[in-house]
Amino acid sequence: MKTTEPRATHLRDYRPPSYRIPEIALDFNLDGSATRVTATMQVERMAAGSEPLVLDGQRLKLISIKLDGKTLEPSAYSADSTSLTVFDPPQSFTLELVTEIAPAENTALEGLYMASGIYCTQCEPEGFRCITYFIDRPDNLARFETRIEAPQSVAPVLLSNGNLIESGDLDDGRHFAIWRDPFPKPSYLFALVAGDLGHISDHFDTMCGRRVDLRIYVEHGNEPRALYAMDSLKRAMRWDEEAYGREYDLDIFMIVAVSAFNFGAMENKGLNIFNDKVLLASPETATDDDYARIEAVVAHEYFHNWTGDRITCRDWFQLALKEGLTVFRETGFVGDMRSHAVRRITDVKDLRLRQFQEDAGPLAHPVQPDCYITIDNFYTATVYEKGAEVVGMLRTILGAETFRKGMDLYFERHDGEAATVEDFIRCFEDASGRKLEQFRLWYSQAGTPEVQVEGAYDPNAKTYALDLKQSVPPTPGQPEKKPMHIPLALGMIGKRSAKPLPLTLQGENTPGPEDRVVELVRPEQRLVFSGVAEEPVLSLGRGFSAPIVVRCSQDAATRAFLMSHDADAFNRWEAAQKLSTEILVGMIRAIQGGHPAAADPIYVEAIGGVIARADEDHAFTALMLVPPSESELALAVTPIDPEAIHDARRRLVWAIADAHGSALASLYTNLDSRGAFNPDAASAGRRALRNSALRFLTVADDDYAAELAEAHCRSATNMTDMTAGLAALARTANPRRERAFADFHDRFRDDPLVLDKWMGLQAMSPQPDTVDRVRTLMGHPVFSLKNPNRVRALIGAFAIGNPLRFHDKSGAGYRLVREVVQTLDSINPQTAARMAAAFETWRRYDRERQALMRAELEAIAGRPGLSANLYEMATKMLG
């Protein structure tokens, strides 16, 4: 079968639906191989004329169709593989459809599927059409009532959106439940879960005094591992009331954890469905990163109740309107719960590694895409992370108070509506009285802006002139770019005094602030600061005020100075990253040329100052100590040389360990804490810093390092420390490694989520046998291509987390991933397309690797019967 080129959908072609369905009643008679779905819809024509009603549908067996209670003649409708068309319907009518689906055979995990005995739905973005025929688009908002019937022995728990209005027993051991959601929502927010599940319960009293029941459903035995998620939920509910005035609106809020899920979680109204990987935690099974992720994801999905559910997006081109905005809200919550500086740094690291790379390659697209083949492929770092940065810039430009006024106006004006990015920006224009037309380019223009900065100090006039030039590189489909509206946060530090200096613009009569945001709106701008008492050191882009690349010539001594004296925590880290990156790039070039590659003593000495201040903030110090990862360094080198990058980074770590070994050993010893586990930020910070010290102390990968890593692993009282020890052992070929991994496996053999870590650590090993090891692990009983968690844990960890071995010159890593992608495409096209993205940067490598990767991409693209998801991804990368 030859692959037919799928058609693209364009933003410019948007038209409101010709019909709307304001009410729908669903009746599910659950059966794994033949579930009957009866959908009774109230339909209204919105357009003039008498055009037919076209409903979306996929993989459905149509059993019957009635209009206003009468069975339609075959000539009155037609059905094909993607739609149901009703010819010449009246102005308003009731349509009753009976369809049949097979949840147990649904390996794509969209629509209604069955996994591990649990019925579950995933309808975002276009999965509802796999349940029944419907106007399956975000701007068709309907009130849902859902009746679920199933054998009580198979599914004692029957859940759907809204409030439970009736339940009871039936004949033959069956039972039913009826749920009604009073709030109109698009079909992508519909949810159903049925099965044999345990749960934990709690309650929350809203700011208006309403009591909301809270329940988290999990597989039996996992109830204690849901307690942290419940605590996170209650804190998120309170925070949203205090920070945004948003109160929860139903009588009950439910979360369900399932083991097979394409996403991390889904914000279905009142019934959030979670991948169990981002919900379940205990000290014995979850790391500090897992706890932090649970806290963030629980909050994110809850915050969607207003930014996504109560106000949804008009069409999928507006996806960032809910996702970018909700990521921004999540970031504020996590910063308040933990550390704003640490969260900012981790966000920026992720943005640069994923979104900047996306912006620089063949998959570049605007925050608001203008076309797509499958919207599944646009759940990207650009939409989520860059979308959040755009909202953050809006807050920086307008100020916190005006930003809150704009948000209040947005909630008031568009509650119950399907809105657009333009609607969102207009609220802030109305709240502030400012025109934001140029700012709107952040949504429509792809690419990462670059800002060139040059500064000159005049000691006689006591002035500092700052020249700024901005540009946006061309991206696919957008060769020419307009200037952006860029907020740039600045500070100046006296070079002699090491104290903050006021930023007073020439012409101002009073001293300016020590922190200032300037707005770049033209290709070139000059700023002159007066009253600058001494030569300043410029602190640029404080707090990462915009998702841009700043080009500013600063020597190593200046960057080391900022590492120690910048008042902005993010920029202290940024100075360390830039200095270490410049040093490492130099070392990489030296290694490639066969020359000595030594670490710059200025950086190594500056790290000593970081260690000396470790007790000020353990988590922040841990981030300061770690040089850029191999994947981050790949962004700074062209062509990318994985071996030289790996070698240079290891030498730099070794140089730090050699210079500061005793101080790092003291840190490691003093931070040892084997008491009762606490997942709070302070305790997590202590563990993070101690494990960072361990990385330096085991850099030699010799017998001593293996012995220390094994002892660290065996003495660990929590999963964070245990996996840190295993990670150190995974780098070695020492016999202790095999023993430790075998012991870990035997201890957690019955816990797939923990075995995900076991597989992932082996997949990220730099040892030469890693590809063979990954192939062996694919035969392990816990691994299954039908479970996205297992695929991401093993294949994703290898392809994304191990650049040295994925990009091995033999091409063995490329072949492995291509084979998995091709096999996976017929099972789960969404996951296959995401795995294929590992080849995204193929053009940035040497000719030999380019040829190998291109051949694998061509093999993927040329395979008959390719899914639309994988077709779009592969053909775009081939360009």
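The values are calculated or read from the model by the stated rules, or taken from the named source; none is laboratory data. Only a predicted model underlies this, so the values are computations on that prediction, with no experimental measurement involved. Cβ sites come from the backbone with ideal geometry, for glycine too, and all protein chains shown count toward neighbours. Quick note on the areas: whole protein, heavy atoms, side chains included, nothing else; ligands and nucleic acids left out. Shrake-Rupley method; radii C 1.70, N 1.55, O 1.52, S 1.80 Å.
Key figures for this structure:
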item	result
Anchor LYS757: lysines whose Cα lies under 16 Å away (excluding residues fewer than 8 positions away in-chain)	LYS277
The chain, helix-only ellipticity at 222 nm - DSSP H runs n ≥ 4, -39,500 (n - 2.57), divided by all residues, nearest 500	-12000 deg cm²/dmol
Relative contact order of segment 300-386, pairs being alpha-carbon contacts under 8 Å that are 6 or more residues apart, as %	34 percent
CYS552/GLN850 FRET efficiency (R0 25 Å; Cβ-Cβ; nearest 0.05)	0.20
Structure-derived semi-axes √(5λ) of the Cα gyration tensor in Å: which label, when the choices are [x] 52, 29, 27; [y] 52, 40, 21; [z] 46, 33, 27	[z]
Where segment 1-83 is the region considered: accessible area per residue in Å², 1.4 Å probe	60 Å²
Calculated FRET value between ASP430 and VAL521, using beta carbons and R₀ = 25 Å, to 0.05	0.75
Sparsely packed chymotrypsin sites (Phe, Trp or Tyr not before Pro) within segment 36-119, loop by DSSP, other Cβ within 10 Å at most 16	PHE87
For segment 450-485 and segment 564-614, distance of Cα centres in Å	25 Å
Under 5 Å, built H, 5+ apart or other chain: amide partners of THR504	GLY512, SER530
Per-peptide average of other Cβ atoms within 10 Å, ordering 763-770, 293-300 highest first	293-300, 763-770
Rounded to whole Hz, the Karplus (6.51, -1.76, 1.60) HN-Hα couplings of segment 414-425, x for glycine and proline	10, 4, x, 10, 9, 9, 10, 4, 4, 4, 4, 5
About the Cα centre, charge dipole magnitude for the chain (Lys/Arg +1, Asp/Glu -1 at Cβ), debye	1700 debye
Qualifying chymotrypsin sites (Phe, Trp or Tyr not before Pro) for segment 440-543 [loop in DSSP, other Cβ within 10 Å: at most 16]	none
Total charge dipole magnitude, segment 665-716, about the Cα centre, Cβ charges on Lys, Arg, Asp, Glu only, Debye to nearest 20	320 debye
Per residue, in Å², the accessible surface of segment 98-195 once ligands and nucleic acids are set aside, probe 1.4 Å	29 Å²
Separation in nanometres of the label points that stand 7 Å from Cα toward Cβ, at ASP750 and GLU23	5.1 nm
Given LYS386/LYS578; LYS349/LYS482; LYS349/LYS405; LYS322/LYS469, the pairs whose alpha carbons are separated by over 24 Å	LYS349/LYS482; LYS349/LYS405; LYS322/LYS469
Rounded percent of accessible protein surface that carbon and sulfur make up, the chain, 1.4 Å probe	49 percent
Accessible area per residue in Å² at 1.4 Å probe, computed on segment 231-381	23 Å²
Size of electric dipole in segment 333-384: Cβ of Lys, Arg +1 and of Asp, Glu -1, about Cα centre, debye, nearest 20	340 debye
Dipole of the chain, positive end: most advanced residue of LEU584, GLY594, THR94 [Cβ charges, Cα centre]	GLY594
Reach of LYS462 by Cα under 16 Å, taken over aspartates and glutamates that are not fewer than 8 positions away in the same chain	GLU508, GLU534, GLU535
Whole-number percent relative contact order across segment 132-262, with pairs defined as alpha carbons under 8 Å at least 6 apart	22 percent
Whole-Hz couplings from phi, Karplus 6.51/-1.76/1.60, listed for segment 8-24; x for Gly and Pro	8, 9, 10, 4, 5, 8, 4, 9, x, x, 6, 10, 9, 10, x, 9, 9
Centroid-to-centroid separation of segment 109-125 and segment 278-323 [C-alpha atoms, Å]	19 Å
Dipole of the chain [Lys/Arg +1, Asp/Glu -1 at C-beta], most positive-end residue of GLY195, LEU351, SER715	LEU351
Under-5 Å amide H pairs with GLN445, H placed in peptide plane, nonlocal only	VAL367
Distance from segment 721-800 to segment 839-877 (C-alpha centre basis), Å	27 Å
Trypsin sites (Lys or Arg not before Pro) lying in DSSP loop within segment 658-735, provided at most 15 other Cβ fall within 10 Å	ARG674
Phi-based couplings in Hz for segment 276-290 (Karplus 6.51, -1.76, 1.60; Gly and Pro marked x)	4, 4, 10, 9, 8, 7, 8, x, 7, 10, 10, 8, 4, 4, 5
Dipole axis of the chain (+1 Lys, Arg; -1 Asp, Glu on Cβ), positive-most option in HIS365, THR285, VAL518	VAL518
Relative contact order of the chain, defined on C-alpha pairs under 8 angstrom at six or more residues apart (%)	9 percent
